[in-house]
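Below is one structure; the comments refer to it alone.
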Amino acid sequence: MKDGLDLRHDVQDAQLVDRNSENIGRCDALMLELRDGKPPRVATIVIGGAARNERIGRWMTGLARLFHGRGDGSDGVSRVPFSAMKTVGDTIQLDVRRGELPSEHVEQWLAEHFVCRIPGAQGKKERRK
Amino acid sequence: MPLPTLAHLTAAANGPRAHRAWVSAVLCVTLATMGCAKKDYKSETGRTRAWTATLELARQQHGLRATNDAVTRQLLDRAIEARAKEEPLLAHYAKSDSERVAARGVLDSLQQQIRQLEQATR
Amino acid sequence: MKKWAELALGVVTSMGGFLEVGSIATGVQGGASFGFQLGWALLLGTICLAILMEATGRLAAVSGRSYADLLREHMGIRFFIVPLVAVLIPSFLVLVSEIGGVAIALQMATGIAFRWWAIPIALVGWFLLWRGTFSIVEQGTAMLGLVSLVFLVAVFKMHPEWSAIGAGLVPSRPDNDKAKYWYLAVSILGASISPYLYLFYSAGALEDGWTIKYLNVNRITAGVGNLFGGGLALMVLVGSAIVFMPRNIQVDAYEQISLVLATPLGRGGFVLFLVTLFITCFGATVEITLANAYLLAQGFGWPWSENMKPAKDARFATTYTVVILLACIPIALGADPLKLTNISMVISAASLPVTVIPLLVLMNDERVMTTHSNGWLGNIALGSIAILAVALFVLAAPLYHLGGG
C-alpha cells in the first residue's frame, strides 16, 4: 500500500459510489480551498455539470446549455466535501446518499418520468453471480 | 517493460486544442472521400455482365424451386434498376466505337435475361 | 466441472455470435471477386480480434474494471472523448447496417419492403434489452446463431479444393484489380476487428463476474471461440467464391447472397440463409446497442448493468433505448443496406488506433494488471496490431475511393 493519495491518478476521473455502493458518477474536478496565510487544501470533489463540460471543451458546454436551457451553470453539479471520502480503492466511496446529489437529478428525472412510465421497468430477474 | 503510462501519452492531448483540431481535420477528409468510388468503362461493363449472370443463376434456381418468389422478384427489380443505371454510365465511359458496340451488347444481354426471368415468374 | 461448462458455453457463444452483416457482406464480396485469395485477410482479422478480446477480457478479470471504465480513468475526460466518439460513430453505422440486414432478411422472406421492418425490429430488440438479462441476450442470440453452420455444410457439399483454400490463407498479390483487392482486404479486416466487439467482451466479463480464476477460460473463449467463428466466416467467403466467381457475379445486393446457399442446398439452404441472416444480424443489433450504452455509462460513471432492472439504471436504459430507436431511422427511410455496410466496415477499420493503442499501454500498467501484465510476446502481438491499425487508418479512405463502391 502506498502512503499518500495521488490526486491525479487515484481521485480524478475515479468512479464514485455512495453509502450503498451505488454508482454516482466520476470525480470530474477537484476544488482547492485558498486560505489566507495558510497553504491551499483540497476542499471539494466536483461531479458533473459545468466543470465536466468545460474540461471536455467549449462545444460540450454549448451542447449542455441547449439541453438545460439555463445559464447559471450551477445545475447538475454536485460539490461534495473532501472529508466525505470514506474509502479509496478501485472506487471511491463517499458518505452521501445518491438522492441528495444534484448531479443525480437527471438519473432521477429519467427514472420517474421516462423509464418507470414504460411497463416492465421494475421487474427483471436479477442474476448476480 | 518500460512503456509510458497513459498519462504521458494523453498529456499532450489533454493540453492544447491543436492536436484535436488535426484529428478532426483528418476525419473530415476521410469522411468526405467516402462518397466517391472509382468507376470506369471496365468496371461498369463488369457490373452489367455480373447482373446478367446473376439473373441466369436466379432463373435456374427459381426453376428448381430453390428460391422463393419474393427473392426472385426482388432480384429482378434490382437488375432492372442496375440496367437503368448502367445504360447512361456506359454511354458516358465508352470512348471508342468498339467500346460503344461492346457496351450495347452487354446491355442487350442483360435485357434479354430480364425478359426471360420476367416470363419465368409470370 | 462448472468451469468446463462455462468454457464450452463461451466457445459456442463466440462461434454462434461471430457472423453478422459485416462479415457476411465482406466475405461474400471478397469471395466473388477474388476467389479464395482473400482468405488471409479473414485469418489475420480473426487472429487480431482473438488477441484484442483476450486482452480486454484479461483486463476485466484481473482489475474488475471494464476497458471503457479504465479508458476514462486513465485518460481523463478530455481525451476520453476521442475514443468515445471514435467508437460511437462507426459502431452506430454498423448498428444501422445490422438492422438493415435483419430488415432485408424479412423482406426476402415475406416480400414486404425492408423499410417497413426497421421500426418493428428496433422495438423487438429494445424489448429484449428491457426485459432480458445479460445471459439471455448474449447467449440466447449466439446459440441461435449456430444456424450459420449451414455455410459449412454448403461448402462441404460443393467439394472445394481444400488445398486451394489453404493457399488462400497465405497473403498473395492479386493478378489484376489491385485497388479493389486491397479495398476488400481492408473491409474484411474492418468487419472482423470491430472495436465494439472487444469493448462489449470486457463489459460482458464483468456482467458474468469474471475474476482472476477465469484467465484460462478467457484465453480459450477468446482464442478458440473466435477461431471457430472465423472459420465459419471463411466458409461464407469460400461458398461465394465457388458459386459466384466462375460466373463472374459481383455482389451488389443482399438478395444475391441467398444464391450462395440455394445453389448447393436447394430450398432448405435458402431458408436457412434467411434464418441465419436474421438471427446473426439481430444478435449483433442488440450487442452493439448494449456496447454503446456500456461505453457511455461506464465512461461517465452511471450505474449500469443488463442484469439490473431499468428503474435502477435509468440513464443506461434510456441510452440503449435511444440508440436502438435512432439506428432504425436510416433503414426506415430506405437507405441502401449493402452500401451502408460497406462504408461502415471501412470506417470501422480506420477507427482502430484509438482503442488499440491505449489498450497496449494499459496492458503494461502494473497498477492495473498486477502480475498479469503483458509479457514480451503479448506486447509484440498487441504492438503489431497497433501498427496494423495505424496503417488501416491511413489507407482506408484512399482505398475506398480507388477500389470500392
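Computed from the coordinates by the stated procedures, all read-outs in this text should not be read as laboratory data. Keep in mind it's a predicted model, so treat the numbers as computed, not measured. Ideal geometry is used to build each Cβ from the backbone, glycine not excepted, and the neighbour counts take in all protein chains shown.
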C:TRP376 versus C:LEU152: modelled label distance in nm, points set 7 Å from Cα along the beta carbon direction:
3.8
Amide H of A:GLN15: which non-local residues (sequence gap of 5 or more, or other chain) have their own amide H closer than 5 Å, using H built in the peptide plane?
A:ILE92
Which of C:GLU20, C:GLU255, C:GLU138 moves most in a GNM of chain C, Cα contacts under 10 Å?
C:GLU255
Residue among C:LYS180, C:LYS339, C:LYS157 with the largest mean-square fluctuation in a Gaussian network model of chain C, springs linking Cα atoms under 10 Å
C:LYS157
Given N residues in the stretch A:7-117, what is its alpha carbon radius of gyration divided by 2.2 N^0.38 Å?
1.14
Output ³J(HN,Hα) for the stretch C:294-307: one whole-Hz value per residue in order, computed from phi by the Karplus curve 6.51 cos²θ - 1.76 cosθ + 1.60 with θ = phi - 60°, and x for Gly and Pro.
4, 4, 5, 5, 6, x, 9, x, 6, x, 8, 4, 6, 8
With no solvent and one point per C-alpha, what does the Debye sum give as log10 I(q)/I(0) for the protein assembly as shown at q = 0.07, 0.08, 0.09 Å⁻¹?
-0.48, -0.61, -0.76
Where the convex hull is taken over the Cα atoms of the stretch C:41-140, what is its projected area averaged over directions, in nm²?
9.2
Could you pull out the pairs from C:LYS312/C:LYS339; A:LYS124/C:LYS213; B:LYS85/C:LYS178; C:LYS309/C:LYS339 whose alpha carbons sit more than 30 Å apart here?
C:LYS312/C:LYS339; C:LYS309/C:LYS339
With R₀ set to 51 angstrom, the calculated FRET efficiency between the beta-carbons of C:GLU161 and C:ASN216, to the nearest 0.05, is 0.85
